[in-house]
Amino acid sequence: MSVAPRKLLEIKNLSFSYKGILEARAVISDLDLEINQGDYIAIQGPSGSGKSTLFHLIGCLLRPTSGVVRFNGQDVTRLNDDELGFFRNQNIGFVFQQFHLLPKATVLDNILLPALYPVETSVIDNAVKARATQLAKRLGIDHLLAREPNQLSGGQQQRVAITRALMQDPDLILADEPTGNLDSKSAMQAMDLFDDLNRQGKTIVIITHDPQTASRCHKVIHFKDGKVDRIDDHRKPSSESTPTKLKGLVSYKAPDSFVSTLKRVRASAPMALANLLRHKMKTFLTMMGVIIGIAAVLSMISLGNFAKGRILETYERLGVNKFELRGHAAWNLAATDKIPGTPFTGFEWNRDLKGLKDLFPEILYLSPQKEFWAEKYSYNGRTVTASDGVSLNFRGVGPEFFAIANTELHSGKLLSPFHVESLARVCVIGSDVGSVFGKSSLELLDQIVTFNINDRTLVPCKVIGVLKPRKGANGTSKFVFLPYSTALSFGNIWDSKLSDIMLSVRPGFDVEEVGLKVKNYFKKRYGKSGNFYVDSDSVLLAQMKRFLNIFNSLLAAIAFLSLLVGGIGIHNMMLVSISDRLKEIGLRKALGATNKSIRALVLSESVMMCSFAGLIGVIFGVIACQAGVYAATKLVKTLTFEWVFDPFAIGLASVSIVAVGILSGLAPALKAEALEVIEALRSD
C-alpha cells in the first residue's frame with residue numbers, strides 16, 4: 001500500500017506586488033501551489049514571468065503582499081525578521097546563479113558560512129569542520145578547501161555553493177539557474193549532483209529557463225504572468241526518493257539586552273578579524289588615522305602635563321607656594337560689637353604662632369617679619385645716607401624665613417632661634433650690601449655695621465652671614481635681615497607690634513585655600529577686634545595654571561582633532577566597505593544572519609580596527625613622549641630626563657579608542673542592518 005506524499009510547502013492565495021512611484025505592479029497574483037517532501041521540481045518561464053520572485057518568496061527572502069506560505073504545516077509569513085533568518089538557516093539551502101562566494105575567503109570558510117549563524121549560539125569546532133570536510137569530499141572538492149574562489153573553475157565554484165547549501169542539512173534546496181553560468185560539461189555534473197541529492201531524500205526546487213535542465217527534474221511547473229500555466233509530471237516509478245525526517249519550525253528569538261549585544265559583538269569577532277585580514281593593506285591604511293590620533297592624544301597630553309608639572313615646580317622654587325598674613329587692630333569698633341576676652345593688638349609668638357603648624361599641617365615654614373628703615377649706614381668710619389642715592393632694605397625675620405624665600409647661604413651662618421630669643425644684634429646680608437660701602441659683602445662678614453634706625457636709634461649689628469646672589473623680583477641682594485625680635489625692640493609702642501607673618505605651604509596643597517583657612521582661624525579667634533588679610537603669589541600661580549591648562553587643552557584639542565579625522569576615516573571606510581560588500585551582507589542574511597548579527601559584525605570590525613590601531617598608537621605615543629622629554633633635556637640644561645607615563649593620558653586614550661570604534665562603526669552598522677536581502681544580492 002502506497003503512502004500519500006507529505007506536504008513540505010503549501011502556498012495559498014499568494015500575491016506579490018512591487019511598489020512603484022505611482023502605483024504597485026503585480027508580479028504574482030492569487031497563486032496556489034504545493035510542494036511535497038522529496039519532490040524534484042523545475043520552475044520554468046520566460047523573463048518577467050515572476051519565477052525569480054516566486055523563488056524569493058519560497059525562500060522567505062521576500063514577504064508576500066498577501067497570502068500564506070506554510071512550511072510543514074506552519075505559517076512562515078507570520079515570522080519576524082529574526083525568526084525568518086533562523087528559519088532560512090535551518091530549513092533552506094540556497095544555490096544562487098552567481099554562486100555568491102566570499103571572494104577572498106577559502107573554500108572551507110565559504111562552506112562553513114551557514115554554520116556561523118545564529119551567531120549567539122554558533123560554535124565552529126572540530127566536529128563542524130569535519131562535517132564540512134566530509135560534505136566537500138562527498139562532492140569531490142575536498143582537495144580544494146584551502147583555495148580561494150578565484151582559483152576555481154565555474155563548475156568547482158558551483159560545487160562549493162551546493163556544499164554550502166547542504167551544511168545545515170536543510171529540508172529544502174532552492175537553486176536559481178544553477179547551470180546558467182556553466183559550460184555544458186559542468187552543467188551536466190551539477191545536475192548529476194542534484195539528481196543524487198534528490199535520491200537521498202532532499203526536496204529540490206530549481207528555477208531555470210533551460211529545457212534540458214528542466215527535463216532532469218521529476219516535475220516542471222511552467223510559470224507565466226505570475227501564475228502557473230501548466231505542470232508537466234516526468235516522474236518515473238524508479239525515480240522515487242527516500243524521504244528524510246523533517247526538522248520543522250523551531251521557535252527562535254534573538255535576545256536584545258545590552259549584555260546579549262556585547263556577547264554578539266564578541267561572537268562576531270572571529271568573522272570581523274577574518275574580514276579585516278582579507279583586505280590587509282586597505283585596513284592598515286585606514287588604521288593610520290587612528291594610530292596617529294591616539295599617539296597624538298597620548299603624547300601631547302602626557303608632555304603637556306609633564307611640562308605643566310615642571311613649570312609649576314620652578315614657580316614653587318621661586319616662592320609661589322607662600323603667602324603673607326597681615327593682622328591689624330580694628331579701631332572702628334562700635335560700642336555694641338562683641339569682642340573676645342583678649343582683643344587683637346598684634347601677633348604674639350607664644351600665643352598665636354607657636355602652635356599654628358600643629359593646627360594646620362599644610363604649613364611647611366612660618367616666619368614673623370617686620371620691615372623698618374634706616375636713614376644712615378656706617379661701616380669702618382664711612383657713613384652713607386639714603387639721600388646719597390643708595391638704599392638698603394631692612395627686615396626682621398625668623399629662622400625659617402630663608403627657607404620660605406628660597407634663599408641660599410654663601411658664607412657664614414643664618415639666623416637661629418637663639419638669636420631671636422636673645423634679641424641678638426646680628427644680621428645676614430644680601431650679596432650687594434657691601435657695594436654701598438665700596439666693599440664686597442664677603443668683606444663685611446664678621447664685621448660690625450651700624451644703622452640709624454627710624455632716624456633716632458643707632459644699632460650696631462654684627463654680620464654673621466652673606467647670601468648667594470639672587471636676581472629678579474624676589475631678589476635679596478640689598479636686604480639686611482635681623483631677628484624679628486630685635487627689630488621689634490627698636491620702635492615705640494606702636495612699632496613694636498607684630499602684624500606680618502610669612503608662611504609657606506607643603507607641596508600638593510592649594511596656597512589660596514590654606515591662606516583662607518588660617519585667616520578664618522584668626523577671625524574666629526579675635527572676632528571684630530582684628531582685621532586680617534592674606535596676600536600671596538597664588539594669583540600669579542593661578543594665572544600660570546590657567547595658562548598651562550589652556551595650553552594643554554589646545555594641545556589636547558589638536559590631538560583629538562587628528563583622532564577625529566582618523567575616526568571619520570574609519571567611518572567612511574566602513575561606509576564604503578558596506579557599499580562594496582552588499583552581496584556579502586545579502587548572502588549572510590539569506591543564510592541566516594539576523595539584523596542584530598549584521599550590526600554586531602560591522603561594529604565588531606570597527607571596534608577591532610580601532611583597538612588594533614589604538615594599541616599601536618599607544619605604543620607610538622609613549623615612544624614619542626619619551627623622545628619629547630629627552631629632546632627637552634637637551635634644550636633645557638636644568639631639566640633631567642625621566643620616564644613619563646601619565647595614567648590619565650593612557651586612560652583617556654583607551655576610552656577614546658572604544659568611543660571612536662563604536663561611533664565610527666555605528667552608522668555603517670545601522671546601514672548594513674537595514675539592507676534588504678534581495679536588493680543586496682542583486683547589487684552590482
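The values are calculated or read from the model by the stated rules, or taken from the named source; none is laboratory data. On a predicted model such as this, the values are computed, not experimentally measured, just so you know. Counting neighbours? That spans all protein chains shown, and the Cβs are built from the backbone with ideal geometry, glycine included.
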Sole exception among (1) in contact with a Lys or Arg (Cβ under 9 Å, 6 or more places away or on another chain); (2) modelled with pLDDT under 85 for residue 602, by number: (2)
Which helices (runs of 4 or more DSSP H) sit wholly inside the range 128-238 and have at least 3 residues that are touching a helix residue (DSSP H, G or I) at 6+ places or on another chain (Cβ under 8 Å) and touching a residue at least 12 places away in the same chain (Cβ under 8 Å)? 154-166, 184-199
Suppose we filter the range 37-86 for residues that are in a loop (DSSP other than H, G, I, E, B), closer than 28 Å to residue 232 by Cβ and under 48 Å from the mean Cα position of the chain (by Cα); how many remain? 6
Quick one: is residue 171 under 20 Å from residue 92 (Cβ atoms) and under 47 Å from the mean Cα position of the chain (by Cα)? yes
Just the residues that are under 22 Å from residue 481 (Cβ atoms) and modelled with pLDDT of 90 or more, please, taken from the range 358-377. 363, 364, 365, 366, 367, 368, 369, 370
Scanning the range 23-77 for residues that are of a type in the set (Asp, Glu) and farther than 16 Å from residue 226 by Cα, which turns out modelled with the lowest pLDDT? 23
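To keep it simple, each residue is scored yes or no on (1) within 30 Å of residue 291 (Cβ to Cβ); (2) β-branched (Val, Ile, Thr); (3) modelled with pLDDT of 90 or more.
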{"residue": "511", "(1), (2), (3)": "no, yes, no"}
{"residue": "529", "(1), (2), (3)": "no, no, no"}
{"residue": "534", "(1), (2), (3)": "no, yes, no"}
{"residue": "546", "(1), (2), (3)": "no, no, no"}
{"residue": "553", "(1), (2), (3)": "yes, no, no"}
{"residue": "556", "(1), (2), (3)": "yes, no, no"}
Condition (residue is under 22 Å from residue 166 (Cα atoms), in contact (Cβ under 8 Å) with a residue 12 or more places away in the chain and either in a loop (DSSP other than H, G, I, E, B) or assigned by TED's automatic domain parsing to the domain that holds residue 230 (or both)) applied to the range 20-36: is it met by at least one residue? yes
When you check residue 373 against the structure, is it surrounded by 13 or more Cβ atoms within 10 Å (Cβ to Cβ), more than 58 Å from the chain's Cα centre (by Cα) and over 19 Å from residue 466 (Cα atoms), yes or no? yes
Just to be sure before I move on: is residue 275 at pLDDT below 90, of a type outside the set (Val, Ile, Thr) and surrounded by fewer than 21 Cβ atoms within 10 Å (Cβ to Cβ) in the structure I sent? no
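Yes or no, residue by residue, for (1) surrounded by fewer than 20 Cβ atoms within 10 Å (Cβ to Cβ); (2) in contact with a Pro (Cβ under 9 Å, 6 or more places away or on another chain):
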site: 37; (1), (2): no, yes
site: 50; (1), (2): no, no
site: 65; (1), (2): yes, no
site: 78; (1), (2): yes, no
site: 89; (1), (2): no, yes
Being among the polar types (S, T, N, Q), more than 18 Å from residue 164 (Cβ to Cβ) and under 55 Å from the mean Cα position of the chain (by Cα) is the filter here, so list the residues in the range 199-219 that pass it. 208
When you go through (1) crowded, with 18+ Cβ neighbours inside 10 Å; (2) not in a helix (DSSP H, G or I) one by one for residue 603, which number turns out not to apply? (2)
Quick check on my filter: what residues within the range 312-336 are within 24 Å of residue 534 (Cβ to Cβ) and at pLDDT below 70? 312, 313, 314, 315, 316, 317, 318, 319, 320
Hey, among the residues in the range 452-486 that are among the hydrophobic types (A, V, I, L, M, F, W, C) and at pLDDT below 90, which one's farthest from the chain's Cα centre (by Cα)? 458
Of the numbered conditions (1) out of contact with any Leu (no Cβ under 9 Å at 6 or more places or on another chain); (2) at pLDDT 90 or above; (3) farther than 19 Å from residue 526 by Cβ, residue 355 satisfies every one except a single condition; which is it? (3)
If the Cβ limit is 9 Å and pairs must be 6+ apart or interchain, which residue in the range 563-582 that is over 18 Å from residue 293 (Cα atoms) pairs with which residue that is at pLDDT below 75 and surrounded by fewer than 14 Cβ atoms within 10 Å (Cβ to Cβ)? 582/684
Name the residue, out of 449, 436, that is modelled with pLDDT under 95 and in contact with a Pro (Cβ under 8 Å, 6 or more places away or on another chain). 449
Only one of (1) part of a helix (DSSP H, G or I); (2) at pLDDT 80 or above; (3) crowded, with 17+ Cβ neighbours inside 10 Å; (4) β-branched (Val, Ile, Thr) fails for residue 578. Which number is that? (2)
Can you name every residue in the range 44-91 that is over 26 Å from residue 217 (Cβ atoms) and among the small types (Gly, Ala, Ser)? 66, 85
Among the residues of the range 343-354, are any in contact with a strand residue (DSSP E or B) (Cβ under 6 Å, 6 or more places away or on another chain) and in a strand (DSSP E or B)? yes
Filter result (among the hydroxyl-bearing types (Ser, Thr, Tyr), outside any loop (DSSP other than H, G, I, E, B) and free of Cβ contacts under 8 Å to residues at least 12 places away in the same chain) within the range 626-684: 630, 633
